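The structure appears right after this line, and notes come after that.
The values are calculated or read from the model by the stated rules, or taken from the named source; none is laboratory data. Since the model is a prediction, treat every value here as computed from it, not as a measurement. Cβ sites come from the backbone with ideal geometry, for glycine too, and all protein chains shown count toward neighbours.
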Amino acid sequence: MGDIVVKDIIKVYKTGKSEVIALRGLDCTIGGGKILAIMGPSGCGKTTLLNIIGGLDRPTAGSINIDGVNLVDLSDADLVKHRRQRVGIVFQFFNLVPTLTARENIELPMRLAGKNSEEMTSRSAMLLKLVDMEPRGTHRPDEMSGGEQQRIGIATALANDPPIILADEPTGELDTATGQQILHLFQKLRDDYKKTVVIVTHDQRIGQIADTVMTIVDGRITSTMTGAEFHEKATIPANQSVPSPS
């Protein structure tokens, strides 16, 4: 579950009479239950690829298969189902509803999916425990730190138990220590819950937890290596190293 095969993906955005080519024939395979880190300069196409995998955008050409289903062939209604059932998205700026409590934010995707009250209460309690936020369930976003909001964001992404988690710069707004805690949580999702995790990031520490690190430049994949190979080449201060989770 959670296998992703991207084949010859091209994405062109048209603005008036001009065209911007965001992706130029990308090919990659992401094994189920693995962590892929996508790196590269700003504007290189990382988030565009993430949006296509998540069904938030359609490619101009090519195919994107998830567990054997080509998203290109899906109707708009089926893409909505894909987003609700198959994918959870973690945002850099948390994307929580400010008027809802932590628990209510987690339950919102379940409510949209038609879950009953008993299911929502049980699963939101489990997810609050998973992200170590049980005492904060009744707190609203403005009563939580950035790291706490990101934990709730991850719990919200997990609400409907999707096999795939997509994260766009999930540590970008966090301090070093809090970022390490979030990276540990992604490790746990892979190791204990067998989730496929795709992370767009500038954070070089990701090489310590990723199975594969892929670099995109100008819409093309310029390198693919294991997380261990990337970490050997990366320069990460000792105080920013990610220790093994206890």
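Mind telling me which of the residues N70, N65, N95 ends up being without any contact (Cβ under 8 Å) to a residue 24 or more places away in the chain, under 24 Å from N160 (Cβ atoms) and surrounded by fewer than 20 Cβ atoms within 10 Å (Cβ to Cβ)?
Going through N70, N65, N95 in turn, the sole match is N70.
Where residues in region 129-145 are crowded, with 16+ Cβ neighbours inside 10 Å and either β-branched (V, I, T) or over 15 Å from L100 (Cα atoms) (or both), which of them is nearest to the chain's Cα centre (by Cα)?
Out of the qualifying residues, it is V131.
Given the condition of a type in the set (G, A, S) and not in a loop (DSSP other than H, G, I, E, B), answer yes or no: does some residue in region 64-71 qualify?
no
Within region 209-230, track down each residue that is part of a helix (DSSP H, G or I) and closer than 20 Å to I164 by Cα.
The answer is G227, and nothing else.
With the structure loaded, tell me whether A167 is under 24 Å from L23 (Cβ atoms), surrounded by 22 or more Cβ atoms within 10 Å (Cβ to Cβ), at pLDDT 95 or above and not β-branched (V, I, T) or whether it fails that test.
Here the answer is yes, as A167 does meet what is asked.
Does region 98-123 hold any residues that are out of contact with any His (no Cβ under 8 Å at 6 or more places or on another chain) and polar (S, T, N, Q), and which are they?
Matches in region 98-123: T99, N105, N116, S117, T121, S122.
Going through region 101-118 one residue at a time, which ones are polar (S, T, N, Q) and in contact with a Lys or Arg (Cβ under 7 Å, 6 or more places away or on another chain)?
Selection gives T101 alone.
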